[in-house]
Amino acid sequence: MLRSFTSTQSSKLAQFVRYASTKKYDVVVIGGGPGGYVAAIKAAQLGLNTACIEKRGALGGTCLNVGCIPSKSLLNNTHLLHTVQHEARDRGIAIDGTVGVDFGKLMAAKEKSVKQLTGGVEMLFKKNKVDYLKGTGSFVDEKKVKVDPIEGGEPVEVEAENFIVATGSEPTPFPGIEVDEERIVTSTGILSLKEIPERLAIIGGGIIGLEMASVYARLGSKVTVLEFQNSIGAGMDAEVSKTTQKLLSKQGLNIKTGTKVLSGKREGDVVKIEVEDAKSGKKEDLEADVLLVAVGRRPYTEGLNLEAAGLEKDNKGRLVIDDQLKSKHDHIRIIGDVTFGPMLAHKAEEEGIAAAEYIKNGHGHVNYANIPSVMYTHPEVAWVGLNEEQLKEKGIKYKVGKFPFIANSRAKTNLDTDGFVKIIADAETERVLGAHIIGPNAGEMIAEAGLALEYGASTEDIARTCHAHPTLSEAFKEAALATFDKPINF
């Protein structure tokens, strides 16, 4: 007796047959974020039969969907708003009428960027012949993974000679504070608010907290940042951190450092927060319409069934690897936020490429001393290599060269002169040890410092390299010159 199928059943059957017919791979990547999708593409480019399992339903992970990309859309567009509202007349631009915010369109522009980029990654999978398995992956044993399809159909098992685990991270919860993603939100919820809060409180003065503080301050929110440490921007050079706090405070952010959050609770449409001065112990009650909890991120391993593969975690929940990204099993490599190192998309991408190269060629490389960090406030803040505090701790003798953007012709022309370039060089060899920039386009300029670090350049090498005029990058050249001589324009 022949059995007939509906179109939906046929589609599900076809999907199941496709899984069943392609279930043996050279490489299976679990997780389709920046580390995972880059690893999958690179593995396929190296000639390995590759699949990538992703349960979100859209590739790109946290970064493309609810992190780096949507936040930069909001940062860029609110900066344009701020510029028009507060600087247009000084620039000779006459604005008739009121310049306001269409919050719905602002959010729609963000979603459009996300959709285009996540769709672009899917196209790259097709171009490079990576099988995209839309489902939740969990280990059956060290050689098999079960995939529960998110679009219907029966679970299937896939086998692989090699696995790359790239499941990323999730926001770290704050003890005693219950997130509802409406009034008490994480970095995910803050990107999808239905309206602009009149009062926004933020726990955490790191990159995520300060970027979102900038967005909503420009939109008119009264923003209070609560940071337990005595300085903002964990990882920043102390001088840069101090300057950044001063400039952001001038923009209307109320930044309370040395402040311990004792509790936060939603009562109707208000969030009540109790804080304590970390030194004096003096307590204070605050209220906000929205509370953002931005105290960091933690590795995400839920549902992986790690025990079946015998994978190990450390006391911070990070999957344990060796210096070649291998777990206790040589054929299971682990990359990105779910393991050691800075939780940065570009770090995960570098590890993704290295993991694929280890599998194919037996060798790969990531220079963990040369991973840049960028905060996309305005002015931007970027750094790479060592800062002064780290060098003092290591007992390394160094020299510092600085150059302010107020003395840079392009920055002056653009009426955008806050900040400086700071380059740190070895006291004897003048080799670049670190660079720290606060100012316009810092995130782009830091790449020059990364190149210098990678190839062991000296500050004289940089200073004797011709830089186009007038450009912001001339400030980088002048800062390099200042480590061993005198800058020309200051």
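Here are the numbers:
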{"item": "Per-bin percent of Cα-Cα distances, the stretch 231-294 [5 Å]", "result": "4, 15, 19, 20, 22, 13, 5, 1, 0"}
{"item": "Sorted peptide list for 196-209, 78-91, criterion being average Cβ within 10 angstrom, highest first", "result": "196-209, 78-91"}
{"item": "Rg/Rh ratio calculated on Cα atoms of the chain (Kirkwood radius)", "result": "1.00"}
{"item": "Å³ per residue enclosed by the Cα convex hull of the stretch 46-126", "result": "129 Å³"}
{"item": "Descending principal axes extents, the stretch 71-174, alpha-carbon based, whole Å", "result": "66, 40, 26"}
{"item": "About the Cα centre, charge dipole magnitude for the chain (Lys/Arg +1, Asp/Glu -1 at Cβ), debye", "result": "580 debye"}
{"item": "Mean Cβ neighbour count within 10 Å, used as a protection proxy, ranking 27-35, 360-368, 92-100 highest first", "result": "27-35, 360-368, 92-100"}
{"item": "Shape metrics for the stretch 195-353, restricted to C-alpha atoms - Rg then Dmax, Å", "result": "19.3, 54"}
{"item": "Rounded to 5, the percent of DSSP beta bridges in the chain classed as antiparallel", "result": "65 percent"}
{"item": "Of all accessible heavy-atom area on the stretch 334-490, the percent that carbon and sulfur account for (1.4 Å)", "result": "50 percent"}
{"item": "The stretch 201-265 shape via C-alpha gyration tensor axes, a/c threshold 1.5", "result": "oblate"}
{"item": "Proportion of all alpha-carbon pairs of the stretch 125-276 beyond 21 Å (%)", "result": "59 percent"}
{"item": "Mean separation of Cα contacts under 8 Å (6+ apart) over length of the chain, as relative contact order %", "result": "14 percent"}
{"item": "Heavy atoms of Val290: accessible area, 1.4 Å probe, square angstrom to 10", "result": "10 Å²"}
{"item": "Loop-resident sites, the stretch 294-324, for trypsin sites (Lys or Arg not before Pro), counting at most 11 other Cβ within 10 Å (DSSP)", "result": "Lys316"}
{"item": "Average silhouette area of the stretch 142-190, convex hull of alpha-carbon atoms, in square nanometres", "result": "6.0 nm²"}
{"item": "Over the stretch 142-219, relative contact order from alpha-carbon pairs under 8 Å, at least 6 apart, %", "result": "16 percent"}
{"item": "Estimated dipole of the stretch 217-320 in Debye, rounded to 20 [Cβ of Lys and Arg +1, of Asp and Glu -1, Cα centre]", "result": "320 debye"}
{"item": "Per-residue SASA entry for Lys134, accessible area with 1.4 Å probe, Å² rounded to 10", "result": "40 Å²"}
{"item": "Whole-number D in µm²/s for the stretch 133-222 (Stokes-Einstein; Kirkwood sum over Cα pairs; 4 °C, 1.567 mPa s)", "result": "78 µm²/s"}
{"item": "Bridge type composition, the stretch 207-276 - antiparallel percent by DSSP, nearest 5", "result": "70 percent"}
{"item": "Spacing of the two label points (7 Å from each Cα toward its C-beta) at Asp180 and Ile396, in nm", "result": "5.0 nm"}
{"item": "Distant alpha-carbon pairs in the stretch 381-490 (separation over 19 angstrom), percent", "result": "36 percent"}
{"item": "In the stretch 374-461, trypsin sites (Lys or Arg not before Pro) in a DSSP loop with at most 16 other beta-carbon atoms within 10 Å", "result": "Lys397"}
{"item": "For Leu433, residues with placed amide H under 5 Å, excluding near neighbours", "result": "Ile424, Ala425, Asp426"}
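The values are calculated or read from the model by the stated rules, or taken from the named source; none is laboratory data. What you see is a predicted model, and the numbers here were worked out from it, not measured in a lab. Here Cβ is always computed from backbone atoms with ideal geometry, including for glycine, and neighbour counts include all displayed protein chains. Only protein heavy atoms, including side chains, enter the accessible area calculation; ligands, DNA and RNA are left aside. Shrake-Rupley method; radii C 1.70, N 1.55, O 1.52, S 1.80 Å.
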